[in-house]
Amino acid sequence: MKLKFTLLFAFIFSTALLKAQDSLMLRKIYDEELVNGQCYANLHYLCKNIGPRLSGSPNAQKAIEWGKKLMESYGFDRVFLQPVMVPHWVRGAKESGMIVIGNNRIPVAIAALGMSVATPADGITADVIEVHSLKELDTLGAAAIKGKIVFFNRPFDPRFIETLRAYGTAGDQRFAGPAAAAKYGAKGVIVRSLTESIDNYPHTGTTSYDKDGIKIPAAAISTMAANQLSSLLKQKGSSPVQFYFKMNCKTLPDTLSYNVVGELTGTENPNKFITVGGHLDSWDLAEGAHDDGTGIIQSVEAVRLLKVLGYQPKNSIRAVFFINEENGDKGGEKYAELAAKNKEDHIAAIESDLGGFTPRGFGFSGASPAFVQNINLKWKKLLEPYDADRLTAGGGGSDIEPLKAKSPGIVLIGYLPDSQRYFDVHHSANDVFENVNKRELELGAAAIASLMYLIDQHGLN
């Protein structure tokens, strides 16, 4: 009995000691970031000295070269590039659009959807038919749609507390709407911007055509323009409501680009990896500050924090700047492909791609209730002082998703900042450095570094 008591006491003491060590390390991480953090300065450089960086563009290449030099300057054990072929779509001369009612011309804010084809040189003018879902196209059929411009006008559902869910339920009209409308003979498509904000800033984003289908021009219009157009259509005046738009976009041949990878090599398990990343590319309407400048800056900063604090990881830790998330996901696919080829064992991958807002916690993809309960029992109290303790099921990210098929047993994790402002700026001209809060950005980097440390120390099982 005495031996059992001694062993139990030793276990309790050692557990308490480990928790004390973990608590001290997390405090060091936050102190270092909040006093000496480099997030904000690095994001400023990326946004103001490089700017928009759509895949295949000269700015994307500048960002790759800058990212590699930045990681090298931090003294990471390995810094390297992963070659990957990416799509190369260009917007061309600025789009124009207007509502046409008889002799009345009403200009609207418009932006071509990524990967859209151009209009004819003189633009397109046609009657407008308003729909609210892809299913509604099936109900209307070709007789009602042929030769018209289809106007998808389904707004965000404001009842969702997490705005990403509203984006998910509205996004199919942008991604799949043009291809669906083309099957019924539509001449073109305009889509209500995917945001709850009522403003005059169109939000772009990728659309996808069927491989052997007809490709028709597709654009987003601002929410203010969408409301105005919808209201005019309901008035049913003597003249039909038409829409005119002209776009000059085109798709060039695929071009060579790169993922940027920086690594701290594990002292015990060098072939086991914990990866954190975001995507380096951004849409071309602004600086890509929140989408996803903050994500890549937080990723490299998380690794820098561990390095500068003298932490020697048991497993190899990587920061990855993925290329081509916005219109192809080729960077994430290449990273997973090379991980499998090199027989790398990925324990966990974290993605930051929901903006640089106030941290809330992390979502764990495919996690069972028992897994989530265990994670909360182990780490919630440690993260609670920093308001990063919301540890839930559901997470991941587009860039790390391909790892799931290549690395059995990997846990995919999404960094979860507050979501309420993200879609105010997402894919729009508002996504600029000035809309990023320094302290929120730094708190996110420290939260990610803390989780990486805990995973490295204790694993996830």
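Rounded to whole Å and sorted largest first, list the principal axis extents of the Cα atoms in region 164-278.
Extents along the principal axes: 77, 34, 23 Å.
For the chain, what does the helix formula give at 222 nm: sum of -39500 (n - 2.57) over DSSP H segments with n ≥ 4, over the residue count, nearest 500 deg cm²/dmol?
Taken over the chain, the calculation gives -11500 deg cm²/dmol.
5 Å is the cut-off here: which amide hydrogens, built 1.01 Å from N in the peptide plane, fall below it relative to residue 247, excluding neighbours closer than 5 in sequence?
For residue 247, whose amide H was placed from the backbone, the distant partners under 5 Å are 119.
Once amide H atoms are placed 1.01 Å from N in the peptide plane, what residues at a sequence separation of 5 or more from residue 257, or on another chain, have their amide H within under 5 Å of its amide H?
84, 85, 86
Any idea what Rg and Dmax come out to for region 121-205 if you just take the C-alpha atoms, in Å?
13.5, 44
On C-alpha positions alone, give me the angle between the axis of helix 2-36 and the longest principal axis of the chain, in degrees, nearest 10.
Once rounded, the angle reads 50 degrees.
Can you give me the pair-distance distribution of region 384-461, C-alpha pairs, 10 Å bins, whole percents?
Per 10 Å bin, starting at 0, the Cα pair percentages come out as 14, 40, 34, 12, 0.
What list of ³J(HN,Hα) couplings, whole Hz, do you get for region 222-239 from phi and the Karplus terms 6.51, -1.76, 1.60, once you set θ to phi - 60° and write x for glycine and proline?
5, 5, 5, 5, 5, 5, 5, 5, 4, 5, 5, 5, 6, 6, 6, x, 5, 9
Binning at 10 angstrom from zero up to the longest distance, how are the C-alpha pair distances of region 324-461 distributed in percent?
Bins of 10 Å from zero give 12, 38, 35, 15, 0 percent of pairs.
Can you list the HN-Hα couplings for region 175-189, worked out from phi with the Karplus curve (6.51, -1.76, 1.60; θ = phi - 60°), rounded to whole Hz and with x for Gly and Pro?
With coefficients 6.51, -1.76 and 1.60, one gets 6, 10, x, x, 5, 5, 5, 4, 5, 9, x, 4, 8, x, 9 Hz.
Using the Cα atoms of region 57-148, I'd like the radius of gyration and the largest Cα-Cα distance, Dmax, both in angstrom.
According to the Cα coordinates of region 57-148, Rg and Dmax are 22.2, 67 Å.
From the P(r) of region 347-395, could you give the percentage of C-alpha pairs in the tail past 18 Å?
On the way: 352 of 1176 pairs.
Value for region 347-395: 30 percent of Cα pairs lie more than 18 Å apart.
Where the convex hull is taken over the Cα atoms of region 378-429, what is its projected area averaged over directions, in nm²?
On the way: hull surface 21.7 nm².
Value for region 378-429: 5.4 nm².
On each of the three principal axes of the Cα atoms of region 250-321, give max minus min coordinate, whole Å, ordered largest first.
Taking max minus min along each principal axis of the Cα atoms, region 250-321 gives 50, 25, 13 Å.
I'd like to compare 231-241, 349-359, 103-113: which one has the highest average count of other Cβ atoms within 10 Å, and what's the full order after that?
Going from most to least packed, we get 349-359, 103-113, 231-241.
Keeping every protein chain present and rolling a 1.4 Å probe, give me the accessible area per residue for the chain in Å².
42
Heavy atoms only, probe 1.4 Å: what % of the accessible area of the chain goes to carbon and sulfur, would you let me know? If you can, show how the numbers build up before the last one.
Numbers: 10740 of 19360 Å².
Here carbon and sulfur together make up 55 percent of the probe-accessible area.
Anything over 30 Å Cα to Cα? Flag those among 381/406; 211/404; 28/404; 69/211; 69/380; 28/343, in the order listed.
381/406; 28/404; 69/211; 69/380; 28/343
Could you give log10 I(q)/I(0) at q = 0.12 Å⁻¹ for the chain, computed by the Debye formula over C-alpha point scatterers of equal weight, without solvent?
Here the Debye-derived log intensity ratios amount to -0.99.
Highest first, please rank the peptides 73-80, 171-178, 130-137 by the mean number of other Cβ atoms sitting within 10 Å of their residues. Please list the in-between numbers first.
Working: 73-80: 15.0, 171-178: 21.2, 130-137: 16.5.
Result, highest mean Cβ count within 10 Å first: 171-178, 130-137, 73-80.
Which whole-Hz ³J(HN,Hα) couplings does region 127-134 yield from phi under the Karplus relation 6.51 cos²θ - 1.76 cosθ + 1.60, θ = phi - 60°, glycine and proline marked x?
Each residue of region 127-134 in turn: 4, 10, 10, 8, 9, 10, 7, 5 Hz.
Please compute P(r) over all alpha-carbon pairs of region 199-238, binned at 10 Å starting from zero, and give each bin as a whole-number percent.
24, 34, 30, 12, 0
Can you tell me the order of 258-269, 409-420 when each peptide is scored by its average per-residue count of other Cβ atoms within 10 angstrom, highest first?
Top to bottom by mean Cβ count within 10 Å: 409-420, 258-269.
The values are calculated or read from the model by the stated rules, or taken from the named source; none is laboratory data. What you see is a predicted model, and the numbers here were worked out from it, not measured in a lab. Methodologically, a virtual Cβ is constructed for each residue, glycine included, from the backbone with ideal geometry; neighbour enumeration extends over all protein chains shown. Accessible surface areas use protein heavy atoms only, side chains included; no ligands, DNA or RNA. Shrake-Rupley method; radii C 1.70, N 1.55, O 1.52, S 1.80 Å.
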